[in-house]
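A quick write-up on the structure given underneath.
The values are calculated or read from the model by the stated rules, or taken from the named source; none is laboratory data. Since the model is a prediction, treat every value here as computed from it, not as a measurement. We work out accessible area using only protein heavy atoms, side chains counted, and drop any ligands, DNA or RNA first. Shrake-Rupley method; radii C 1.70, N 1.55, O 1.52, S 1.80 Å.
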Amino acid sequence: MSRSKQLKLGAFMRPVSIHTGAWRYPGALPDANFNFSALKQFIQKLEQGKFDAFFMADHLAVLNMPINALKRSHTVTSFEPLTLLSALASITECIGLVATASTTYDQPYHIARRFASLDHISGGRAGWNIVTTSNPDAALNFGLEEEVKHDERYVRAREFYDVVTGLWDSFADDAFVRDVESGIYFDPAKIHVLNHQGKHLSVRGPLNIARPVQGWPVIVQAGASEAGRQLAAETAEVVFASASSLEVGKAFFADIKGRVRAIGRDPESIKILPGALVIVGETVAEARAKRVHLDSLVHYDSGIASLNSALGYDVSGFDPDGPLPEIPQTNAGQTSRERVIALAQRENLTIRQLAQRIGSYGGLAFVGTPQTIADEMEQWLTEEGSDGFNVMFPYLPEGLNDFVDKVVPELQRRGIFRQEYEGKTLRENLGLARPANRFFQTTTVSVS
């Protein structure tokens, strides 16, 4: 591995911890997920740690789980991502601001305006996490009786991407001349009307916002299904992956980079960041004890609800101390379903054991000292399992502070993580090129 290769680090911050028991951990802020003052401190700490991005997932409905589980969830109330990130932009300078926005239930003109605005407000730090929404309760919130079919969601998403990026290119970079003498504010030759007419979308345009600072906000994708992988290869610049082990990560990394190469893109133009829960201790034993205590705070009602949600299938009627039954294909998201089934088979877990694991957190975790955690992260980078990680904290603020104060210096000492930001924009810090405007070449504008 070239020593110039650097880890890229995002922070998964909505919810502030993916772990169901996080809000109950000793010393944690129970309302951290919905505490603006705390969130301001969190993002400033992350920027102190030179993180690439602050990432907010999103849901378009209260999580569809039984009320006995929902009443135990710290995610039931959260800020709308674009509103919060716009506020946080004013107190930060370099850290990226990435939010999820659905292609299934929103309109491309709305998405294009919101992210273009965030990019201008932040000076070029916005990122759009493209998702297709599978929650059936979300469909009910948008006038539909049932959710959109899985494959159809991805077809719409691909067209949606084309429309949004086309809208971002509505104006040439040099369109706004603002010539006081002549009274000409913009050059009318530098505006493009999209006039998109497609299978799912009809959008005239142009966007009523100047081209974003970054050209386009950084495009982020997630998902491990065949449709999701291909969409990522065609559109994404950052991929938030789900990898349970280094071997799984290496296979996913090779697959996505291979797809990117096959369609003529540079594999270095896409960064793959698996999600990883990180728990830091002075010793490995201490870190493991923290994990055990954290997991113990998850009630079984939460565990079985999380399992049902991940599977897209209700297994609460089966013997909890028996094996997971055969799970039929559903219209729900495929990634989590396949991950959970594989975990149950690999470790021969009962439904009760699986519920405890999924109800806490069943994905990739680095649990150890700053040195052992850095060892693992460096191995993933060296062996091409990832380009970095989307870090998830076990509880806030201690878990975040432990990572920034203890793990980041160790990564910097090894020369695999930055000492200072490379630039002011998210693209500069990720090493991504600014996309050319598909409708205009930048030229010097003359007016009369």
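Please report the spacing between the Cα centers of region 77-126 and region 314-347 in Å, no decimals.
A separation of 35 Å, based on Cα centres.
Please list, in order along region 316-326, the HN-Hα scalar couplings obtained from phi with the Karplus expression 6.51 cos²θ - 1.76 cosθ + 1.60 (θ = phi - 60°), rounded to whole Hz, x for Gly and Pro.
5, x, 8, 4, x, 9, x, x, 5, x, 5
Residue separation times 0.36 nm, minus the C-alpha to C-alpha distance between Asp255 and Glu338: what's the value?
Stretched out fully, the Asp255 to Glu338 stretch lengthens by 28.2 nm.
Keeping the other protein chains in place, figure out the carbon and sulfur percent of the accessible area of the chain, with a 1.4 Å probe.
52 percent
Convert each backbone phi in region 184-200 into a coupling constant with the Karplus relation 6.51 cos²θ - 1.76 cosθ + 1.60 (shift: θ = phi - 60°), then list the ³J(HN,Hα) values in order as whole Hz, x for Gly and Pro.
Rounded to whole hertz, the list is 9, 8, 9, 7, x, 6, 10, 10, 10, 9, 5, 6, 7, 10, x, 5, 10.
Counting only heavy atoms of the protein chains, get the accessible area per residue of the chain (1.4 Å probe) and round it to a whole Å² value.
Ligands and nucleic acids excluded, the figure is 42 Å² per residue.
Please go through the residue pairs Lys149/Lys257; Lys8/Lys199; Lys257/Lys406; Lys45/Lys149; Lys257/Lys290; Lys50/Lys250 and name each one whose alpha carbons sit more than 30 Å apart in this structure. Numbers along the way, then the final one.
Details: Lys149/Lys257 27 Å; Lys8/Lys199 37 Å; Lys257/Lys406 32 Å; Lys45/Lys149 41 Å; Lys257/Lys290 36 Å; Lys50/Lys250 26 Å.
Over 30 Å Cα-Cα: Lys8/Lys199; Lys257/Lys406; Lys45/Lys149; Lys257/Lys290.
Using each residue's phi in region 267-274, evaluate 6.51 cos²θ - 1.76 cosθ + 1.60 at θ = phi - 60° and report the 3J(HN,Hα) Karplus result to the nearest Hz, with x for Gly and Pro.
Listing the rounded values in order: x, 6, 7, 9, 10, 10, 10, x Hz.
Of the DSSP beta bridges with both residues in the chain, give the percent that are antiparallel, rounding to the nearest 5.
Working: 5 of 40 bridges.
Rounded to the nearest five, the antiparallel share is 10 percent.
Which of these, Val340, Val16, Val315, has the largest mean-square fluctuation under a Gaussian network model of the chain (Cα springs below 10 Å)?
In the Gaussian network model the winner is Val315.
Which three numbers, in whole Å and largest first, are the semi-axes of the equivalent ellipsoid of region 163-243 derived from its Cα gyration tensor as √(5λ)?
34, 16, 7
Angle check, please: helix 36-48 long axis (alpha carbons) against the longest principal axis of the chain (alpha carbons), in degrees 0 to 90, nearest 10.
The angle comes out near 80 degrees.
Provide the gained length on full extension for the span Gln48 to Arg413, in nm with one decimal, where the gain is 0.36 nm per separating residue minus the Cα-Cα distance.
Numbers: separation 365, 0.36 × 365 = 131.40 nm, distance 1.61 nm.
The span from Gln48 to Arg413 would gain 129.8 nm if fully extended.
Can you sort His196, His110 by solvent-accessible area, 1.4 Å probe, largest first?
Largest to smallest exposure gives the sequence His110, His196.
For all pairs of alpha-carbon atoms in the chain, what percent lies in each bin of width 20 Å, listed from the first bin to the last filled one?
P(r) over the chain, rounded to whole percents: 24, 58, 16, 1, 0.
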